[in-house]
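The values are calculated or read from the model by the stated rules, or taken from the named source; none is laboratory data. Values in this document were obtained by computation on a predicted structure and should not be read as measured data. Neighbour counts are summed over all protein chains in view; Cβ atoms, including those assigned to glycine, are modelled from backbone coordinates with ideal geometry.
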Amino acid sequence: MAPRKIVALPGDGIGAIVLHQAIRVLDAAGFNAEYIHGDIGWEFWCKEGNPLPERTLELIREHKIALFGAITSKPNEEAKAELDHSLQGKGFIYSSPIVGLRQYFNLDICVRPCKSYKGNPLNFIRRGRNNVIEEPMVDVVIFRQNTECLYSGVEWTNPPENVYKALLSHPRFRENFGEVPVNELSVSTRIFTRKATERILTAAFEHAVKHGYRSVTVCEKPNVVRETSGLMWKLAKEMQKNRFPSIKLNNTNIDAQMMWLTKNPEDYDVIVAGNMFGDIASDGFAGLIGGLGFACSAQFSEDGIAVFEPTHGSAPKYADYSVPIVNPVAMIESACMMLDYLGETEIYSRIRKAVADVILEGKVRTYDMMKMSGRPEVIGEGAASTVQMTDAIIDRLG
């Protein structure tokens, strides 16, 4: 069988480090693939004025599957200052390449599993009845609508006249902001469409049915953000009644969810939310399973393009250490999500088991698992390097 062609997008900082380790694991497990490098990230902003070059979009368009490391994003003024001198003053405006990737390919379905590993010293614990320490096992999958909401990029500072007049047509805006000078206004829009909302809800319900989860929870704020959150809740109720009656449907407000996730996280199965609230909820649940070193994700478009990435950032200072110390598990888990998507069930299961075995045994732990601060000296204090953690996982593959 010809090798699968996977676009490898290292990005910035530790992205290249963890991506390389994930590919080492895939190779050791017998996954037959050719990895095609794609340019993305800060380097290409600085020297080309574009952190997401057209040539990279073409690679993804052709091969459909990408493994992505991490990118660095900075505020607009800092970005302009670091642009090559020959490009400054020519109208280049920085925007996040990962957000651009999502919008260009309409990667509207984002899946973020948060599942505890037994033996992980970073797992959430609580005090139960009779002062007993409990360690509930978390197994939550968050479906985040990935292209709309506050991340759509439809926003203005000092909005143009036509936008300002449209805003003034709303009585609430006239009442509360009508006397504010237009040049003192900044406006970001929260946009939900019926089609995209139905797609993310359908994906969440279908995942629950396929994997044996009991419930889907809509995590929004329909009592306050009534039009957008209200649309998702309304459609969820219709969908559950007409298509998925065997799945229990719950409704939580995002603020209450952030409290309840540390009281009874084991009660949640599949959670679905818009872009902003999904981002918040997924980071909250990731904290219960060990933090961003264990947080993986996948993004899918309607026409078959899929991008797999850890949810951590580029952490550029760590990339400069002579011995890398970052936890590679989130990237390896993201690669496992790719295997599952491609139907490589046997290899997927072996890698997942190898990761679980290493964590349960507890002999090899990265600095975050040992609750150390991220300093180069942690290697001499007993923490495993990024490579050593990967080596231990490879050794367990059998």
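Structure notes:
- Residue within the stretch 322-344 that is surrounded by fewer than 23 Cβ atoms within 10 Å (Cβ to Cβ), of a type in the set (D, E, K, R) and farther than 17 Å from ILE65 by Cα present: no
- Scanning the stretch 66-92 for residues being within 19 Å of GLU302 (Cβ to Cβ) and in a helix (DSSP H, G or I) gives a total of 0.
- Looking only at residues in the stretch 107-121 that are of a type in the set (D, E, K, R) and closer than 28 Å to LYS363 by Cα, the one that is surrounded by the most Cβ atoms within 10 Å (Cβ to Cβ) is ARG112.
- Taken as a whole, the condition of being at pLDDT 95 or above, within 28 Å of the chain's Cα centre (by Cα) and not assigned by TED's automatic domain parsing to the domain that holds GLU302 applies to PHE143.
- In the stretch 295-349, the residues that are among the aliphatic types (A, V, I, L, M) and at pLDDT below 95: ALA315, ALA319
- Residue match in the stretch 93-100 (condition: modelled with pLDDT under 95, outside any loop (DSSP other than H, G, I, E, B) and either aliphatic (A, V, I, L, M) or over 28 Å from SER334 (Cβ atoms) (or both)): yes
- Residues located in the stretch 376-390, provided they are touching a residue at least 12 places away in the same chain (Cβ under 8 Å) and of a type outside the set (Val, Ile, Thr): PRO376, GLY382, ALA383, ALA384, SER385, GLN388, MET389
- Pairs with Cβ under 9 Å, 6+ apart, first in the stretch 253-278 and within 14 Å of TRP233 (Cα to Cα), second among the acidic types (Asp, Glu): ASN253/GLU220; ILE254/GLU220; VAL272/GLU220; ALA273/GLU220; ALA273/ASP279; GLY274/GLU148; GLY274/GLU220; PHE277/GLU220
- Complete set of residues in the stretch 188-217 that are over 30 Å from PRO160 (Cβ atoms) and either of a type in the set (Phe, Trp, Tyr) or in contact with a Pro (Cβ under 8 Å, 6 or more places away or on another chain) (or both): PHE205, TYR213
- Applying the criterion of being out of contact with any Phe, Trp or Tyr (no Cβ under 8 Å at 6 or more places or on another chain) and farther than 18 Å from ASN146 by Cβ to the residues of the stretch 202-211, the residue that is surrounded by the fewest Cβ atoms within 10 Å (Cβ to Cβ) is LYS210.
- Odd one out for HIS170 among (1) in contact (Cβ under 8 Å) with a residue 60 or more places away in the chain; (2) surrounded by fewer than 21 Cβ atoms within 10 Å (Cβ to Cβ): (1)
- Just one residue in the set ARG190, ARG214, ARG199, ARG194 is in contact with a strand residue (DSSP E or B) (Cβ under 8 Å, 6 or more places away or on another chain), of a type outside the set (S, T, N, Q) and surrounded by fewer than 15 Cβ atoms within 10 Å (Cβ to Cβ); that residue is ARG214.
- Residue within the stretch 309-317 that is within 30 Å of HIS20 (Cβ to Cβ), buried (at least 24 other Cβ atoms within 10 Å of the Cβ) and of a type in the set (D, E, K, R) present: yes
- Among the residues here, LEU57 does not qualify as among the aliphatic types (A, V, I, L, M), in contact (Cβ under 8 Å) with a residue 60 or more places away in the chain and under 30 Å from GLU198 (Cβ atoms).
- Scanning the stretch 382-397 for residues that are of a type in the set (Val, Ile, Thr), touching a Lys or Arg at 6+ places or on another chain (Cβ under 8 Å) and surrounded by fewer than 22 Cβ atoms within 10 Å (Cβ to Cβ) yields a single hit, ILE394.
- Test for SER86: is it buried (at least 18 other Cβ atoms within 10 Å of the Cβ) and either out of contact with any His (no Cβ under 8 Å at 6 or more places or on another chain) or assigned by TED's automatic domain parsing to the domain that holds THR366 (or both): no
- Elements of type helices (runs of 4 or more DSSP H) contained in the stretch 11-63, each with 3 or more residues being in contact with a helix residue (DSSP H, G or I) (Cβ under 7 Å, 6 or more places away or on another chain): 15-28
- Extreme residue, farthest from the chain's Cα centre (by Cα), among residues of the stretch 259-295 that are more than 25 Å from ARG199 (Cα to Cα) and aliphatic (A, V, I, L, M): MET259
- Test: TYR94 is outside the structural domain of LYS363 (by TED's automatic domain parsing), over 30 Å from GLY230 (Cβ atoms) and hydroxyl-bearing (Ser, Thr, Tyr): no
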